[in-house]
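Reviewing the structure listed below.
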Amino acid sequence: MKKTLLALSLGLTFAAQAQIVQPAPLVSIATHDAFFEKIKALCGKAFAGKIAVDNPAAPGFDGALIMHVRRCTDTELQIPFHVGDNHSRTWIITKTGAGLSLKHDHRNQDGSHDEQTMYGG
């Protein structure tokens with residue numbers, strides 16, 4: 001009887017723990033999905049921009065501004081952001097299952113990660 005009770009207790013414990021570690025289902029948020037798909041539809045295209053408000057002026061933003069929607073999958077968009085001859089920045093928009101994530105990939109001239117990279121926005 002004790003062995004049966006022990007086996008039953010262990011079985012219930014493992015079953016409860018197995019349910020706890022199940023991944024959460026992916027959530028689709030209509031407005032996020034629409035935004036993602038509109039940007040994805042621009043894949044391969046580049047767009048010039050300008051600084052509308054810069055108070056005080058940010059150093060390093062004195063060249064032509066170009067965003068290039070370059071790498072696009074069903075879950076991630078990579079958008080290099082060029083400032084003149086500086087090609088060190090890439091915006092990464094990712095579907096997370098709970099919405100969208102924006103990260104900034106900053107690189108040094110040699111291609112290594114900058115100290116400030118992959119921060120959100």
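Bear in mind that the values in this text are calculations on the coordinates, not laboratory data. Small disclaimer: the values here were computed from a predicted structure and weren't measured. So basically every Cβ, Gly included, is an ideal-geometry build from the backbone, and we count neighbours across all protein chains shown.
Would you kindly derive the ³J(HN,Hα) couplings of the range 59-73 from the backbone phi angles with the Karplus curve 6.51 cos²θ - 1.76 cosθ + 1.60 (θ = phi - 60°), listing them in order in whole Hz, with x for Gly and Pro?
Residue by residue, the range 59-73 yields x, x, 10, 9, x, 5, 9, 9, 10, 10, 6, 10, 10, 9, 10 Hz.
Around residue 95, with a cut-off of 12 angstrom between Cβ atoms, what is the net charge of the other residues, counting Lys and Arg +1 and Asp and Glu -1?
After counting each charged neighbour, the total is -3.
Rounded to whole Å and ordered largest first, report the semi-axes of the equivalent ellipsoid of the range 52-95 derived from its Cα gyration tensor (root of 5λ).
24, 12, 7
Just subtract the alpha-carbon distance of residue 119 and residue 29 from 0.36 nm times their residue separation and send over the number in nm, one decimal.
30.1 nm
Please list 60-70, 109-119 highest first by mean number of surrounding beta-carbon atoms within 10 Å per residue.
60-70, 109-119
Calculate, in nm to one decimal, what residue 47 and residue 110 gain on full extension: separation in residues at 0.36 nm each, minus their alpha carbon distance.
Here the answer is 20.1 nm.
Where the centroid of each part is defined by its Cα atoms, how far is the range 25-46 from the range 89-107 in Å?
That distance is 12 Å.
Of all the Cα-Cα pairs you can form in the range 27-120, what percent are over 17 Å apart?
Value for the range 27-120: 56 percent of Cα pairs lie more than 17 Å apart.
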